[in-house]
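Notes for the one structure printed next.
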Amino acid sequence: MTAVAGQQPTAPDPAVTRQGAEEDLRALFGQSTALFASLAGPAHLVETANPTFFASIGEERARTGVPLADLMPELAGQELVALLDQVYRTGEPDTGRDVRVVLGSGPYTRETFFDVTCEPRRDAGGNVIGIRLLGVETTQVKHAQRLMVEHRALLEQIARQAPLAEVLDGMARCIENLAPQEVLVSVLLADPDGRHLRHGAAPSLPDFYNKAIDGIATGEGVGSCGTAAHRREPVIVTDITTDPFWNDFRDLASQAGLGACWSTPILARDGALLGTFAMYHRTPRVPQDADLALTRVFAGTAALAIERHHIEQAKASAEARAKSAHDELARAVRAERELRAEAEQRAATAAELAARVRAAAAAQAGAPHPERCQLGGPAGCPAPAEIKIADSWGDSAWGCPDHVEEAILNVRSVFIANEDLGGLAAYLNR
C-alpha cells in the first residue's frame, strides 16, 4: 500500500454497502433450502427472494416488485403478517416457531408451518425501510410429530383390544383434528363376501347420511367408496356436483353439505377387502401431500384394527363352539347317568315284584283263589284279587289291577295266566 500525503481515506458509500450486503445474502440463500426474501416498506413489497421462497408460496407467483398482500392475498389476518408488521413498526428483530401459514384458496388450500426470523432493514439514517425474512419450512416435521402422537395412541387402543367401533371412531376424530382443513372422516366395513359396505364410523357426518349409505354395494360408479372397494385402489372425487360416480348420490350429498370425497380401500395383508376409508370436504378440494400421507397411514392402521377384530371374533366363535360342545357332552353324560339310574331302579323294582310273585305262588300252593291282592309287598294290599299273572318260571299270583299293571310294566315275561277266569277282561276294563 502507498500512502498519499494530505489525502484522507474515503468513507464507503452506505447505499453501496447495503447493496453489497443484499447481494451477499442473495448469494448465500440463492440455492438454500431455507427461504429468503427482502421486503420493503410497510406494505412489505417483495424486492427480491430466493427460489425456495417462491417454491413455498407457489411457483406461479414467482415475481418481485409486488406487495406481499397482492402476491399472497390469503395472508390477510394471518400470524405471519402480524409478525412482519410488528418488526417493521418496532424496529426490533423477532422470530416465530411453527408459524401457521394457510396458502392458496378454494380447492387448492393447504396448511404449512415455518420457523421464521424477521430482521429490520435500515437506511443510512437508521430508519427502518424494510424487513429481511429468513425461514425454514417445518410443515412435514410438524405434521409428523402430531401424527406420531395420535398414531401411537391408536396402536395402544388396538393392543389393549378396545372394541373396533371405539378404535374406528377415535381414528376418525384423530384424522379430523390432524387434517389441515375441515375434513369429515368415514369408515365403512366390508361384508364377508365383499359385496356390500356397512357403517363403521363417521362421527361428524349426519345420521341420515350414514343410514342412507349403510349397506351400499361395491361396484364401478357407486360413489367414491363403492368404486374404491371395487377397484381396490384410491378414488379421488374433487367435485361431487359434477363427478359421474355420484349420479345416484348427488342429492344425498347436497343435503349433507358435502363437496368432495376421497376414498381409499382398506385391504388385508392377503389383499382381501376389509372396508373403505373416506375423507369428505364441504367444498370441492384437491388432496395435498399431507392429506395423502394421512390416508396412507390410517388406512393401514384401520386394516390392522379390523384384522385384529376379525381374529378376536374367530377366537370367540371357536371358544363358544367348544363350550357348546362341552355343555352338550355334559348333558349327554347326565342323561346317561339318569337313564342308568332309572334302569337300575326298574331292575330293582322288577326283582322285588318277581320276589312277590314267587312268594305269592309259594303261599298259594294248594290254596284256593285268594280274596285279597297278593302283590302288595310287605305292607299288603286290601284290594280284591281280580287278575292272575304268571312269570316265565311258572310262578303265578293274584293281584289287583294296579299291582298287576305294575308287574307287567316292570317284570319281563309276565303275562295274564288264565283268560277263563276273567283276568284279561278285568285288566283291560280297569
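Averaging 1/r over every pair of different alpha carbons in segment 222-374 and inverting the result gives a Kirkwood radius of 22.3 Å. If you roll a 1.4 angstrom probe over the protein chains with everything in place, what fraction of the accessible area of segment 53-186 belongs to carbon and sulfur, to the nearest %? Carbon and sulfur: 50 percent of the exposed surface of segment 53-186. The GluC sites (Glu not before Pro) of segment 146-238 that meet both conditions, a loop assignment by DSSP and at most 15 other Cβ atoms within 10 Å of the site Cβ, are 182, 220.
The alpha-carbon of residue 211 sits under 18 angstrom from the alpha-carbons of these aspartates and glutamates, leaving out residues fewer than 8 places away in its chain: 169, 191, 248, 251.
Ratio of Rg to Rh for segment 278-359: 1.70 [Cα atoms; Kirkwood radius as inverse mean 1/r over pairs]. Rg/Rh for segment 47-206 (Cα atoms only, Rh after Kirkwood) is 1.15.
What number comes out for accessible area per residue over segment 169-283 if the probe is 1.4 Å? Units Å², please.
42 Å²
Karplus-based coupling profile of segment 297-309, in residue order and whole Hz: 5, 7, 5, x, 5, 4, 4, 4, 5, 5, 5, 4, 4, with θ = phi - 60° in 6.51 cos²θ - 1.76 cosθ + 1.60 and x standing for Gly or Pro. Note on residue 315: aspartates and glutamates with a C-alpha under 14 Å away, same-chain residues under 8 apart excluded, are 307.
Sorted largest first, the principal axis extents computed over the alpha-carbon atoms of segment 215-300 equal 37, 30, 17 Å.
For segment 123-257, the spread of Cα coordinates along the three principal axes comes to 78, 44, 27 Å, biggest extent given first. With just the Cα atoms defining each centre, how far is segment 302-330 from segment 100-157? Give it in Å. If we compute the Cα centre of each part, the gap is 50 Å.
Can you give me the convex hull volume of the Cα atoms of segment 85-136, divided per residue and expressed in Å³?
Cα convex hull per residue, to the nearest whole number: 81 Å³.
The values are calculated or read from the model by the stated rules, or taken from the named source; none is laboratory data. Keep in mind that this is a model prediction, so the values were computed, not measured. Cβ: placed from backbone, ideal geometry, glycine included. Neighbour counts: every protein chain shown. The protein model used for the area step is the full one, side chains on, heavy atoms only, and it has no ligands, DNA or RNA in it. Shrake-Rupley method; radii C 1.70, N 1.55, O 1.52, S 1.80 Å.
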